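Shown next, in structure tokens, is the structure this report addresses.
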Amino acid sequence: MNSAVAARVHTADTTVFVKGLRSDHRRAWTQQREADINPSVRHLAPAVLWHVQEAGWDLLGFEDIDGHHANYTPRSPDLPLVVSTMARLSSITAPGIVLKSMPDRMKSHSELPELFAGTTLLHTDWFPTNVLVAGGRAALVDWAWASRGAAWIDPALWVVWLVKSGHTPEAAEGWAARVPAWNTAGTPPPPPPSPPSRRRPSACGRKSPRASRRGGLSTSSAPPATGTTPADSATPTEHAVVGSRRLLHMAVI
């Protein structure tokens, strides 16, 4: 739990869930992050009703959801609901909100942190108590670890909790595969635009012997460099698999 205060407050006409931290707490900034994110995920999370910063406390008041924590065990009826919520979340980018990027989070865990780059708003903390099930839907709470990155990351992190809840790795990945974003893990991010070529034509007007024209594309005719490492020759899918395993390891530790 990321809060010093987490309680239901009952009034004469409603119930509000309140969570908060002391204003001088080192993670008090997560309160503002949650308030900033909420308008983009109102259909997936309890609505923020108010945000108060008074008397040394930073408090958020949420719509109260009377539900149960998600059950991730095999054959649980909650699993399809989580899949639906995750699939909808994967289409949200929430531009304008300052979030830590997944490449930044992964740079000390991966030699290729750029594999985790993307524009999707990610929850990243799929602990079962952060998913409330009520009224035929799964709602996400506690956005303290929200980040921006590749859309396949949330289903990859969910796999860890499914295995912990009794699924085989194959079955867990089968559930993750029901989220369309999971199947984009082998798609590399678009490359940056190449700078314009400054190569000068040869004096006699002939093509450089280092390049040939093949199918309208300029390709190098030089032999491949020696000393190529396995990582250099891996496909984007292989890179993504290695990256996702490192991400899962990060989630466990």
Task: Members of the range 135-148 that are on the phi > 0 side of the Ramachandran plot and either touching a Lys or Arg at 6+ places or on another chain (Cβ under 9 Å) or free of Cβ contacts under 8 Å to residues at least 24 places away in the same chain (or both) - done: Asp142
Task: Selection from the range 67-122 of residues that are of a type in the set (Asp, Glu) and modelled with pLDDT of 95 or more - done: Asp78, Asp104
- [ ] Please specify each residue of the range 1-39 satisfying the condition of being within 26 Å of the chain's Cα centre (by Cα) and among the acidic types (Asp, Glu).
- [x] Glu34, Asp36
TODO: Could you tell me whether the range 41-51 includes any residue that is in contact with a His (Cβ under 8 Å, 6 or more places away or on another chain) and farther than 16 Å from Asn130 by Cβ?
DONE: no
Task: Residues satisfying the stated conditions in the range 20-37, i.e. buried (at least 18 other Cβ atoms within 10 Å of the Cβ) and in contact (Cβ under 8 Å) with a residue 60 or more places away in the chain - done: Thr30, Arg33, Glu34, Asp36, Ile37
- [ ] Report the residue count in the range 57-75 for those that are more than 24 Å from Val16 (Cβ to Cβ) and surrounded by fewer than 17 Cβ atoms within 10 Å (Cβ to Cβ).
- [x] 4
Task: Checklist (1) assigned by TED's automatic domain parsing to the domain that holds Val159; (2) surrounded by fewer than 19 Cβ atoms within 10 Å (Cβ to Cβ) applied to Ala12, failing item - done: (1)
- [ ] Check Trp126, Trp158, Trp145 and return the single one that is in a loop (DSSP other than H, G, I, E, B) and within 15 Å of Leu79 (Cβ to Cβ).
- [x] Trp126
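The values are calculated or read from the model by the stated rules, or taken from the named source; none is laboratory data. No experiment lies behind these values; they were computed from the predicted model shown. FYI the Cβ positions are ideal-geometry reconstructions off the backbone, even for glycines, and counts take in every protein chain you see.
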